[in-house]
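Before any comments, here is the structure.
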Amino acid sequence: MNPLIALAVFPVIFLGELPDKTMFASLVMATRGKARQVWLGAAGAFVVHVIIATTIGVALFALLPHRVVDGVVSAMFLVGAAYAWREGTKKDEEIVEKEASAHGVILTAFLVIFLAEWGDLTQILTANLAARYHSPISVGVGAIAALWTVAAIAVVSGQTLLRFVNISTIRKVTAVVLVALAAYTGYSAFR
């Protein structure tokens with residue numbers, strides 16, 4: 001476990017998740033249910049996804065040559081940047097409404113977040129960072145801390161957060177950060 005890697009991963013995943021649909025799903029569920037139960041369900045789903053992402057990231061590195069991994073990671077960061085930019089205008093309440101009526105709060109939160117995170121920006125970022133840093137535990141700790149923090153912010157703040165944070169701007173900042181990461185990783189692949 002390298003705490004510096006975990007600290008480096010935290011802001012990347014935090015910025016990637018802050019404007020994400022799962023943050024909004026947690027926020028919406030918290031306005032309709034008990035905040036602690038929503039957070040517990042979301043936290044469990046995030047742990048499962050981080051484990052999946054870090055194992056895939058490490059597997060990529062073990063199977064492919066270093067330059068190929070850096071090239072793939074760079075391309076995925078660019079895809080993540082495009083995804084973050086595009087997602088700025090989408091609405092996310094439909095998933096929450098559909099699942100909330102059928103299950104309890106913790107299970108609903110787990111299912112909504114678990115389903116919403118498949119192929120999500122932060123899952124892709126976590127896999128990329130695990131491949132890049134060659135330290136799945138450090139990346140996993142940083143990613144889980146960031147995801148849990150965003151979920152906590154969402155469930156504690158409820159709808160109040162939306163009055164103070166311009167989500168479109170955050171998504172664009174995330175996209176710019178991802179482009180910078182893609183450029184750096186692409187440079188590393190070809191130097």
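The values are calculated or read from the model by the stated rules, or taken from the named source; none is laboratory data. Since the structure is predicted, the reported quantities are computational estimates derived from the model, not experimental observations. Heads up, the Cβs are rebuilt from the backbone with ideal geometry, glycines too, and the neighbour counts pull from every protein chain shown. Ligands, DNA and RNA are stripped out before the accessible areas are found, and what is left, the full protein with its side chains, is counted by its heavy atoms. Shrake-Rupley method; radii C 1.70, N 1.55, O 1.52, S 1.80 Å.
Computed from the C-beta positions of residue 48 and residue 7 and an R0 of 22 Å, the FRET efficiency is 0.40 to the nearest 0.05. FRET efficiency for the residue 115 to residue 156 pair, using the beta carbon distance and R₀ = 25 Å, is estimated at 0.60.
Extension gain, residue 172 to residue 34: 0.36 nm times the residue separation minus the Cα-Cα distance gives 46.6 nm.
Among the protein heavy atoms of segment 106-146, carbon and sulfur supply 81% of the accessible surface, probe 1.4 Å, non-protein parts ignored. Peptide packing: for 120-130, 34-44, 179-189, the average count of neighbouring Cβ atoms within 10 Å per residue gives the ranking 120-130, 34-44, 179-189, highest mean first.
To the nearest 0.05, how large is the calculated FRET efficiency for residue 62 and residue 190 if R₀ is 30 Å and r is the Cβ-Cβ distance? The calculated FRET efficiency here is 0.90.
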